[in-house]
Amino acid sequence: SRFDIIVPTVVRPQKPDIVSSTENIGDNADMMPYEVGILRQFTFSSSLQRMSVIARTLGSAQFDLYAKGAPEMIASLSKPETVPHDFHDVLMRYTQKGYRVIALAWRPLHKISFVKVQRAQRDTMERDLMFLGLLVMENRLKPQTTPVIRQLRDANVRTIMVTGDNMLTALSVARDCGMIEKKDSVILVHVVPPGGTRKAYIEWTYGEDATKTHMDNMEDPNSFVIELENSDFIHLAITGKCWQLIRQYFPEVIPKLAVRGTVFARMSPEQKAQLIETLQNYGYYVGMCGDGANDCGALKTAHAGISLSEAEASVASSFTSKEPNIMCVPTTIREGRAALVTSFGVFKYMACYSLTQFTSVCLLYWIGANLTDFGFLWIDLVLLTSLSITFGYTAAYPELAVTAPPVSLLSLSPILSIVFQMMINIAVQVIVWQMAQVQPWFEAFVPNEEEDYQCQEVTIIFIVSNFQYIALAIVFSKSAPYRKTIFSNYVFLINLVLVTAGSIYIGLYPFHWLEQLLEMDMP
């Protein structure tokens, strides 16, 4: 369209003999195929809630505009006399059963040229439509949806539905998938804007009984929300229009609505991102699932965005599922928690390793000795590196835990674990040092100019510290409820056996006093 290049699309029936066009073609009806050329397309817009095309039937003398979109929007653009009197009743009957409903409308474009069709504004074309009817679709739940929702709720993970569909359709789906229990109540939030001397107020309507309402005035907009905070069996349902009005007139209520709301219907892409930002500001860690272009903003804003398709949404999301269902959500949470616990464990292991080696070096410096170069190389290059790498091979726990792991390294639990473990390591090295000096076979180290550190003190500290490094890897390898047991990590267990045997061999073999020790009669 930028360079006035027109590429029409031609559509036709699958079988030519099903439909034929007899308009303005006279006796050649049997010879003329039924084809419709789409000359211009007004793409779907979430803010306008509709899309339309300008088409021309082969053999016809006029252009036609066909529109589809949200039933309320299409009805408002149609001529009143073409909309059935029971339109709202029929729409409510279908949406309450969970069907997805799209309205269809049509308008003939008389006395308009091809050039004007290409340059006409959208708002001038999409008006005075003739209402055609409703397209009713049954979007059944996938068999994996309800068990996953149950699993998330049992794990104390809050689930929210954010959709652009009709409110009644969203509520029906929420009840079918278990997001809202049958015994729970739903309250619809409606905002009445100010008019004349009237101030804006919030109206709360029970979904089961529309006659039960509660109105909040401007002076106390939080009164009814506060009453709901102690109830776990009441869910709020909000539309995108009400969300926008609440942000404008009652911004202080937004955090509470975000926390208590379960269904958010007719939400635009910007409003989806606003909801996620509100939950994040309120201290929630938010994951988002989506499969369309309307979800890109929310997927990018969330802490963890999961795209259920490989289309536009996959570009903005952190993760992409190869299967178009939400079974990936518990898996992502379990793997994420396991990765977090593993990272914390490696950090604590590295911190205690440094402090343990510092303690060993300080003890040896006290007598003028030190670990040999090969001893440092073995500890740093082989033992530490191999244990750190195989440490993370433990898989995630198969069940989703109710509580989340700590997310701060500076919290009390990680710091105390490091402090207590270091107290044990220091005490063990000092006790073994003192016990070795009172043995009858012990020979004290005498510093020499050749820096020959092959002595009993170095051997004792080297072997003891190596076992402490191995013990640290076992202690900080946290298992349930976030990771499987360490015995399931065969790579890590094999590595433990190898480094243990290597530490004993390297610690004892090079020293000449080993032969004397083996020949003595030990008590």
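The values are calculated or read from the model by the stated rules, or taken from the named source; none is laboratory data. Only a predicted model underlies this, so the values are computations on that prediction, with no experimental measurement involved. As a convention, Cβ positions derive from the backbone with ideal geometry for all residues, glycine included, and neighbour counts pool all protein chains shown. Surface areas here come from the heavy atoms of the whole protein model, side chains and all, with no ligands, DNA or RNA. Shrake-Rupley method; radii C 1.70, N 1.55, O 1.52, S 1.80 Å.
Quick notes on this structure:
- Crossing angle, helix 269-281 versus the chain [Cα axis fit, 0-90 degrees, rounded to tens]: 30
- Helix 328-366 and the longest principal axis of the C-alpha atoms of the chain enclose an angle of approximately 20°.
- DSSP beta bridges in the chain [antiparallel fraction, %, rounded to 5]: 70
- Low-density loop cleavage sites - GluC sites (Glu not before Pro) in region 27-115, where at most 16 other Cβ are within 10 Å (DSSP): Glu35
- Cβ-derived FRET efficiency at R0 25 Å, Ala395 paired with Phe467, nearest 0.05: 0.40
- Relative contact order computed over the chain (Cα-Cα under 8 Å; 6+ residues apart), in percent: 9
- With coordinates expressed along the principal axes, the C-alpha atoms belonging to the chain extend over 120, 63, 39 Å, beginning with the largest.
- Where labels lie 7 Å past Cα in the beta-carbon direction, separation of Ala427 and Arg150 in nm: 4.9
- Placing a label point 7 Å from the Cα of Lys111 along the Cα-to-Cβ direction, the residues of region 60-96 with a backbone N closer than 17 Å are 61-64.
- Between the helical axis of 490-508 and the longest alpha-carbon principal axis of the chain there is an angle of about 20 degrees.
- Estimated at the nearest 10 Å², the accessible area of Asp128 is 90 Å² with a 1.4 Å probe.
- Protein accessible area in the chain, 1.4 Å probe - carbon and sulfur %: 58
- Spacing of the two label points (7 Å from each Cα toward its C-beta) at Ala311 and Ser76, in nm: 2.5
- Global form of region 95-205, assessed from the alpha-carbon gyration tensor, a/c cut-off 1.5: oblate
- Once the Kirkwood radius over Cα pairs is known for region 430-504, the Stokes-Einstein relation at 20 °C and 1.002 mPa s delivers a diffusion coefficient of 142 µm²/s.
- When His110, His85 are compared by accessible area at a 1.4 angstrom probe, the order from most to least is His85, His110.
- Straight-line cross-link partners of Lys256 among the lysines, defined as a Cα under 18 Å from its Cα and at least 8 positions apart when in the same chain: Lys241, Lys272.
- Among Phe487, Tyr206, Ala75 - extreme Cα towards positive end, dipole of the chain, charges at beta-carbon: Ala75
- With each label modelled as a point 7 angstrom along the Cα→C-beta vector, the Asn281-Asp89 pair spans 4.5 nm.
- Net lengthening on full extension, Leu58/Lys241 (0.36 nm per residue, minus Cα-Cα): 61.7 nm
- Using the Cβ of Leu134 as centre and a radius below 11 Å, the other residues enclosed give a net charge of +3, where K and R count +1 and D and E count -1.
- Heavy-atom accessible area per residue - the chain, 1.4 Å, Å²: 56
- Rounded FRET efficiency, nearest 0.05, which uses the C-beta distance separating Gln248 from Ile494 and R0 of 51 Å: 0.20
- The calculated FRET efficiency for Ala444 paired with Glu335, based on their beta-carbon distance and R0 = 60 Å, is about 0.65.
- Here the dipole of region 43-171 is about 380 debye; that uses its Cα centre as origin and unit charges on the Cβ of Lys and Arg (positive) and Asp and Glu (negative).
- If you wrap the Cα atoms of region 124-165 in a convex hull and average its projected area over all directions, you get 5.3 nm².
- Contour minus Cα-Cα distance for Asp380 and Gln41 (0.36 nm per residue): 115.5 nm
- Along each principal axis, Cα extent of region 261-322, largest first, Å: 31, 24, 17
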